[in-house]
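First the structure, in the form of C-alpha cells, and then the observations on it.
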Amino acid sequence: MTALDHAPATTTPRNPLFWMTSPGNTPKGDRRDFYPSDETEWTDWLMPGTRYKLLYCNLVSGAFTILLQVDPNIQATSHWHVGNLQVYILDGGFYYYDGTVTIDGERIEDKGTPHSFTVETAGTIHQPFATDTGCLMLAMFDGPIGGYTEDGQLAVMGDARLHYYMAKDNDAVANTQLVDYSYGSTDLQ
C-alpha cells in the first residue's frame, strides 16, 4: 500500500473539466513581470561586430531569446542552425547572398528591413550580411547555433547554457527570464 491508498477521498471528483473551468490564478509573488531592455548591458556575441542581451533562457528545452545588435556591413561567419531561429527586425536590416531572389523569372530585392520577419530553419548553414545601417533584431532560438572556422571545422556550439554563462560573466543576467527546473532552483552549478 502507498500513502495515496490511505489519503482521504475528495468529496467531488476532479476531472479535466474542473481544471479547465476552475484553474485558479498563479500568484504574482515578489517578482517583476516586465524589464526594460536598457537595464541590461550588452554582451559580446559569438561573431565579431555583434552584441546581445539575453532576454529569455530555457535551460530545460534549450530555447533562448536575445536582442542581437550587428554593426554595419558585417558578414556573419559561417554558421549552422541546429534548431529553428525566428527573427523580427527592429532597426536596420540584413540579407542573404546578394539580397535578391528570382521568382517566375523576375529578379526582385529580398532584404530584411525594420518590422519584417523571417525564420532560419533548422539545418540552414549560411553567412548573412548586415546592411550599411547595421541591424537590431529580436532573435528567438529553438536550439543551438554552431559556428565554423574558415576551413570548415566546427568551432563552437552556442546553446542556451553558453549564452547564459557569457551574459553572466558580463553581469548581464539579472533581468533574464530564466527557466531551470533543477531542484526548483534558478542557480546554475
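Mean residue ellipticity, 222 nm, helices only, the chain: the sum of -39500 (n - 2.57) across DSSP H runs of n ≥ 4, divided by residue count and rounded to 500, is -2500 deg cm²/dmol. Determine, at each q value in 0.08, 0.15, 0.17, 0.19 (inverse angstroms), the log₁₀ of I(q)/I(0) that the Debye formula gives when each Cα of the chain is one equal point scatterer. The Debye formula, applied to the Cα set alone, gives -0.38, -0.95, -1.15, -1.36.
Here the Karplus curve 6.51 cos²θ - 1.76 cosθ + 1.60, taken at θ = phi - 60°, turns the phi angles of the stretch 117-128 into couplings of 10, 8, 10, 8, 6, 3, x, 5, 10, 6, 9, x Hz, with x standing for Gly and Pro.
Can you give the relative contact order of the chain as a percent, counting alpha carbon pairs under 8 Å and 6+ residues apart? All intermediate terms of the calculation are to be shown ahead of the outcome.
Numbers: 360 pairs, mean separation 50.6, N = 189.
Normalised by residue count, the contact order of the chain is 27 percent.
Where both bridge residues fall in the chain, DSSP classifies roughly 95% of the beta bridges as antiparallel.
Taking one quarter of the surface of the C-alpha convex hull of the stretch 31-107 gives a mean projected area of 7.9 nm². Scanning residues 5 or more positions from Y35 or on other chains, none has an amide H under 5 Å from its amide H, with H placed 1.01 Å from N in the peptide plane. On a per residue basis, the convex hull of the C-alpha atoms belonging to the stretch 29-76 measures out at 102 Å³. Restricted to Cα atoms, the stretch 118-185 shows a radius of gyration and a Dmax of 15.0, 47 angstrom. Here the stretch 46-65 is scanned for amide nitrogen atoms under 14 Å from the site 7 Å beyond the Cα of D71 along Cα-to-Cβ, giving 46-52.
Computed from the coordinates by the stated procedures, all read-outs in this text should not be read as laboratory data. Computed from a predicted model, the values in this text were never measured in an experiment. Cβ sites come from the backbone with ideal geometry, for glycine too, and all protein chains shown count toward neighbours.
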